[in-house]
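S.K.: My questions all concern the structure below.
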Amino acid sequence: MADFEGPRDLQFNRGLIADPEAFARDANAASWLFLCGEEFAAMEGGMSYASVQAAVGESVNVVSDPPQLLDMDLARQHVAALDRLPRPTLVTCRSGPRSSAVIYLYAGLKAGATADEVLARAEADDAPFARSDELKAWVTQGLDELS
């Protein structure tokens, strides 16, 4: 395995979050980067940004859920938000693939890791984005363009 050890002090979700306050408390989270828009709050099992704000001291909402296409502008917004949020930090999307991609991209950028190192670690960790060619390409592009 390469030297890249993966994300530290960052946690993504692996499925819907039933209780945002419990999720934050269990993670001992100081902050939260929420990737969903308000449409998600109206869906069954959805969650609002207001519930995120109530669960942690600091939060940022960068809407990145479908049909929003992930691009380098969003990647820059994610990096900027994570740069200023205190740790430990939650990063969540609807069910985990996009949030895990954001975390591995960010951790790879901070560690100076290559795309191969980041993708190998994500696969070893069974990160949800590692099962999506589209998200792996986005992480690879971000590591190339934002480093």
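The values are calculated or read from the model by the stated rules, or taken from the named source; none is laboratory data. Quantities reported herein were computed from a predicted structural model and do not represent experimental measurements. Quick note on the areas: whole protein, heavy atoms, side chains included, nothing else; ligands and nucleic acids left out. Shrake-Rupley method; radii C 1.70, N 1.55, O 1.52, S 1.80 Å.
S.K.: Accessible area per residue for the chain in Å², computed with a 1.4 Å probe and the full protein assembly in place, what is it?
M.R.: 48 Å²
S.K.: While we're looking at this one, here's another question. With the Cα gyration tensor of the range 37-77 giving a ≥ b ≥ c as the square roots of its eigenvalues, does the rule (a/c under 1.5 for rounded; else a/b larger than b/c for prolate; else oblate) give rounded, prolate or oblate?
M.R.: oblate
S.K.: From the helices alone, meaning DSSP H stretches of at least four residues, give me the mean residue ellipticity at 222 nm for the chain, per-run term -39500 (n - 2.57), in deg cm²/dmol to the nearest 500.
M.R.: On the way: 7 runs with 71 residues, N = 147.
Taken over the chain, the calculation gives -14000 deg cm²/dmol.
S.K.: Enter the angle in degrees (range 0 to 90, nearest 10) between the Cα long axis of helix 115-124 and the first principal axis of the Cα atoms of the chain, meaning the one along which they spread out most.
M.R.: Helix 115-124 sits roughly 60 degrees off the main axis of the chain.
S.K.: Sort the range 59-147 into rounded, prolate or oblate with this rule: let a ≥ b ≥ c be the square roots of the eigenvalues of the Cα gyration tensor; rounded if a/c is under 1.5, and if a/c is not under 1.5, prolate when a/b is larger than b/c, oblate otherwise.
M.R.: Rounded is the answer for the range 59-147, as its axis ratio a/c remains below 1.5.
S.K.: Please determine, in degrees from 0 to 90 and to the nearest 10, the orientation of helix 97-111 with respect to the longest principal axis defined by the Cα atoms of the chain, where the helix direction is its Cα long axis.
M.R.: Computed tilt is about 50 degrees.
S.K.: Going by alpha carbons, how many degrees (0 to 90, nearest 10) lie between the helix axis of 133-146 and the longest principal axis of the chain?
M.R.: 70 degrees
S.K.: Here's another thing I want to ask about it. With all protein chains present, how much of the accessible area of the chain (probe radius 1.4 Å) comes from carbon and sulfur, to the nearest whole percent?
M.R.: About 46 percent, which is the carbon plus sulfur part of the accessible surface.
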